[in-house]
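First comes the structure, then the notes that go with it.
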Amino acid sequence: MRAVLSRPIASRWTGKNFASSERRIATGARAAALPIQGLAEAGYLTNETVFSLTELPRRIAVIGAGPIGCELAQVFQRFGAAVTLLEVAPQILIREDRDAAERVERALVRDGVELVTGCKIAGVERRGTEKAISADNAGGRLEIVVDEILIGVGRVPAVEGLNLEAAMIEYDKQNGIKVDDYLRTTNPLVYAAGDVASAYKFTHLSDAHARMILRNALFLGRQRVSRLTIPWCTYTDPEIAHVGLYAAEAAQRGIEVDTYTQELSEVDRAVLDGETDGFVKVHVRRGSDEIVGATIVASHAGEMISELTTAIAAGVGLGKVGDVIHPYPTQADAIRRAAGLYSRTRLTPFVAGLMKRWFALTR
């Protein structure tokens, strides 16, 4: 989220006579660059400048297969450009679970995107109106000749030119402004919000930060960033939406989980829509129905994830989610069906035996 500096940055520590009311920094983030030899001379696009194009490039290389890179690679391919997507990691969308990333990877390849993973860009050379990229991977040296290059490797906080040192506000160029759990900077009279002060650079999180600062700074609130439940979504087709912990993160924190996965191929509405290559996956704390994380791969995963986000934020267990009546047919019924997988685990052999004898007696 790109916003403005709401007031000049200052504090009683600068020795100047400023008003004592709190200041807020919300300068957002800018597209990250890459130190590739010849790239600046050849010229490149970012997610900020790409929308100024007036003609469709015939061939375009997208460097970086994170959310921005994957979204724009698929868009340009569907517009009719020949797209090559280059990624240094062995898979696209490295933040996501492998099974979720694979669904999007298959969709990109089906659309015609040429995907090159595990590659390192050696350099870029401009040849007239063309741009030649040299890259190395397991297969050796590659040369990709395109009309445009799009850098999609994420965003970095916009901290340049703010004179933060004068206000005794700690920051670094990679991680942004240092804030505490209440979004206060190291100058307690100054708050920072959004991309400039967060590892997660989402518009919806910036909005939540802004509302939190209003409550904390103006109404003596005590809202904490650590208590936020933050979903996110990659808007490819299919989309990947996630909230809470991944299974690997839970393991790192010593949290044992049980995982329940419902494939969309078994959900009637997804079958009718022809959108079956996806799933709902929910992690619950072992021995309970407490939801600790969830991932959805679906055409409208970003809209479906809110139900599970609400459940986590409100402390509603997966069993209770399964008790909620969902309209039929909808793709969100996959959430109810995932909850049903959990409920069936509660049917122990002893209970199953009692029910079997009960039905035998009532015939």
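A few remarks follow.
- When P90 is tested against the conditions (1) without any contact (Cβ under 8 Å) to a residue 40 or more places away in the chain; (2) surrounded by 13 or more Cβ atoms within 10 Å (Cβ to Cβ); (3) part of a loop (DSSP other than H, G, I, E, B), the lone failure is (2).
- Of all residues in segment 193-230 being surrounded by fewer than 18 Cβ atoms within 10 Å (Cβ to Cβ) and hydroxyl-bearing (S, T, Y), the one that is modelled with the highest pLDDT: T229
- Scanning segment 311-348 for residues that are among the hydroxyl-bearing types (S, T, Y) and either within 14 Å of K281 (Cα to Cα) or in a loop (DSSP other than H, G, I, E, B) (or both) gives Y328, T330, Y342, T348.
- Residues located in segment 96-118, provided they are closer than 14 Å to E71 by Cβ, charged (D, E, K, R) and touching a residue at least 40 places away in the same chain (Cβ under 8 Å): E96
- Of all the residues in segment 40-67, those that are part of a helix (DSSP H, G or I) and not aliphatic (A, V, I, L, M) number 4.
- Residue tally, condition modelled with pLDDT under 95 and of a type in the set (K, R), over segment 309-363: 5
- Residue list for segment 54-74, filter: within 16 Å of V146 (Cβ to Cβ) and without any contact (Cβ under 8 Å) to a residue 24 or more places away in the chain: E55
- Single unsatisfied condition, T129 versus (1) within 30 Å of R98 (Cα to Cα); (2) exposed (fewer than 13 other Cβ atoms within 10 Å of the Cβ); (3) β-branched (V, I, T): (1)
- Scanning segment 142-172 for residues that are charged (D, E, K, R) and assigned to a loop (DSSP other than H, G, I, E, B), we see that the one that is surrounded by the most Cβ atoms within 10 Å (Cβ to Cβ) is D147.
- Count of segment 11-53 residues, restricted to those that are farther than 23 Å from G221 by Cβ, among the aliphatic types (A, V, I, L, M) and modelled with pLDDT under 50, is 0.
- Filtered residue count, segment 179-226, keeping only those that are aromatic (F, W, Y) and out of contact with any Lys or Arg (no Cβ under 7 Å at 6 or more places or on another chain): 3
- Selection status of L189, touching an Asp or Glu at 6+ places or on another chain (Cβ under 6 Å) and touching a residue at least 24 places away in the same chain (Cβ under 8 Å): yes
The values are calculated or read from the model by the stated rules, or taken from the named source; none is laboratory data. Because the structure is predicted, anything quoted here is derived from the model rather than measured. No Cβ is skipped: glycine too gets one built from the backbone with ideal geometry, and neighbour counts run over all protein chains shown.
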